[in-house]
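See structure below.
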Amino acid sequence: MQYCLLCNPDGNGTSGEDGTEAIGKYYVEDIPGETQHTTGWHGICEDCVPFIQGQGLEVIPLDGYEDHPLFTGNKDEDVEHECDDPSWSKTSLVTEDDGFDWIECEDCGIKAKRWGVNRIEVVGHE
Ligand SMILES: [Zn+2]
Ligand SMILES: [Zn+2]
């Protein structure tokens, strides 16, 4: 799993274009009745990690990439949420493994994670 499978859909992770080396991996469940290209662990490159994370899927860093900003959550800018008194609606069907629900601001559509009732971490627009 050295290369990004999203950028190199015809490879199986062992070959790919320069610059699409995998830095993380995520698990694709085998869904019965659905046509799926591949299932199991997928390598993904720096460009594709945010896309996968944006779908609420957990990306596991590969060895040596644990401190990458995409995984440590150090973003260059803080996410600003303009609404004073936002109404949140829950978008997760089930609570994520880390114990949070995905929620969305009904006014502006910004996405956030919510643990319990009060702890909200704004993630940003998709
Ligand atoms: Zn990629
Ligand atoms: Zn809002």
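Derivation of every value follows stated rules applied to the coordinates shown; laboratory data play no part. Only a predicted model underlies this, so the values are computations on that prediction, with no experimental measurement involved. With ideal geometry, Cβ positions are generated from the backbone for all residues, glycine too; neighbour counts draw on all protein chains shown.
Roughly how big is segment 1-74's charge dipole about its Cα centre, with Cβ charges of +1 (Lys, Arg) and -1 (Asp, Glu), in debye to the nearest 20?
Once rounded to the nearest 20, the dipole reads 120 debye.
For the chain, what log10 I(q)/I(0) values come out of the Debye formula at q = 0.13 1/Å, with one point per alpha carbon and no solvent?
-0.63
For a test of the definition: using alpha carbon positions, the gyration tensor, and the 1.5 limit on a/c, classify segment 1-74 as rounded, prolate or oblate.
Oblate shape, in that a/c is at least 1.5 and b/c is the bigger or equal ratio.
Taking a label point 7 Å from the Cα of Cys83 along the Cα→Cβ vector, which residues of segment 92-126 have an amide N closer than 15 Å to it?
It comes to 92, 102-114, 120-126, nothing else.
For the chain, what relative contact order do you get, as a whole percent, if you take Cα pairs closer than 8 Å and at least 6 residues apart?
So the answer I get is 15 percent.
Per residue of the chain, what 222 nm ellipticity follows from adding -39500 (n - 2.57) for every DSSP H run with n ≥ 4, rounded to the nearest 500?
When only DSSP H runs of four or more count, the value is -1500 deg cm²/dmol.
Within 10 Å of each residue's Cβ, count the other Cβ atoms and sort Lys113, Lys90, Lys25 from fewest upward.
Placing the least packed residue first, the sequence is Lys90, Lys113, Lys25.
What is the magnitude of the charge dipole of segment 3-126 about its Cα centre, with +1 placed on the Cβ of each Lys and Arg, -1 on the Cβ of each Asp and Glu, and no other charges, expressed in debye to the nearest 20?
Dipole about the Cα centre, nearest 20: 380 debye.
What's the FRET efficiency of Asn12 with Val94 using the Cβ-Cβ distance as r and R₀ = 35 Å, to the nearest 0.05?
0.70
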